[in-house]
Amino acid sequence: QVQLVESGGGLVQPGGSLRLSCAASGSIFSINVMGWYRQAPGKQRELVAAIASVGRTNYADSVKGRFTISRDNAKNTVYLQMNSLKPEDTAVYYCNLVVVSNTYWGQGTQVTVSS
């Protein structure tokens with residue numbers, strides 16, 4: 001059984017920064033993709049950023065230049081450094097792991113950007 005445990009959400013002022021972490025445990029093959037999605041109230045869940053085990057990254061246009069995704073393969077952990085946060089970044093952020101043909105989700109962590 002694979003589990004994803006997220007941490008690092010919270011309340012931050014516009015222009016501030018937050019760092020999200022997600023640790024995966026269980027039966028995880030070394031070749032996989034880890035990422036972050038977000039869902040704002042009344043909107044569909046959308047991809048924020050993803051990173052493959054070989055290091056290739058993918059970002060939503062709305063976060064390019066502000067967010068950075070990274071991972072520590074030895075710890076099966078993915079990070080999302082979020083800088084220059086905007087009110088429109090407010091959402092529940094979900095960690096995602098795709099390994100072989102299976103997809104796993106974390107429980108979600110709230111990020112609120114407000115003055």
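Using alpha carbons only, the radius of gyration of the stretch 49-115 set against its Kirkwood radius gives Rg/Rh = 0.98. In the assembled protein chains, Asp61 presents an accessible area of approximately 120 Å² (probe radius 1.4 Å). Under the simplified labelling scheme, the Lys75-Ser30 pair shows an inter-label distance of 2.0 nm, with each label point 7 Å from Cα along Cα→Cβ.
Assuming 0.692 mPa s and 37 °C, estimate D for the chain with Stokes-Einstein, Rh taken as the Kirkwood radius over Cα pairs, in µm²/s. It would help to have the intermediate numbers written out before the result.
Details: Rh = 14.1 Å.
So the translational diffusion coefficient is about 233 µm²/s.
Amide H contacts of Val48: Trp36, Tyr37, Arg38, each under 5 Å away and 5 or more positions distant or on a separate chain (H built 1.01 Å from N in the peptide plane; Pro and chain starts excluded).
These residues, Arg71, Arg38, go from largest to smallest accessible area, 1.4 Å probe, as Arg71, Arg38. Derived scalar couplings between HN and Hα for the stretch 93-108 equal 9, 10, 7, 9, 10, 10, 9, 6, 10, 10, 10, 10, 10, x, 7, x Hz in order, rounded to whole Hz, by the Karplus curve 6.51 cos²θ - 1.76 cosθ + 1.60 (θ = phi - 60°), x for Gly and Pro.
The values are calculated or read from the model by the stated rules, or taken from the named source; none is laboratory data. Just so we're clear, the structure is a prediction, and the values are computed from it rather than from any experiment. Note that each Cβ is placed from the backbone with ideal geometry, even for glycine, and that neighbours are counted across all protein chains shown. Surface areas here come from the heavy atoms of the whole protein model, side chains and all, with no ligands, DNA or RNA. Shrake-Rupley method; radii C 1.70, N 1.55, O 1.52, S 1.80 Å.
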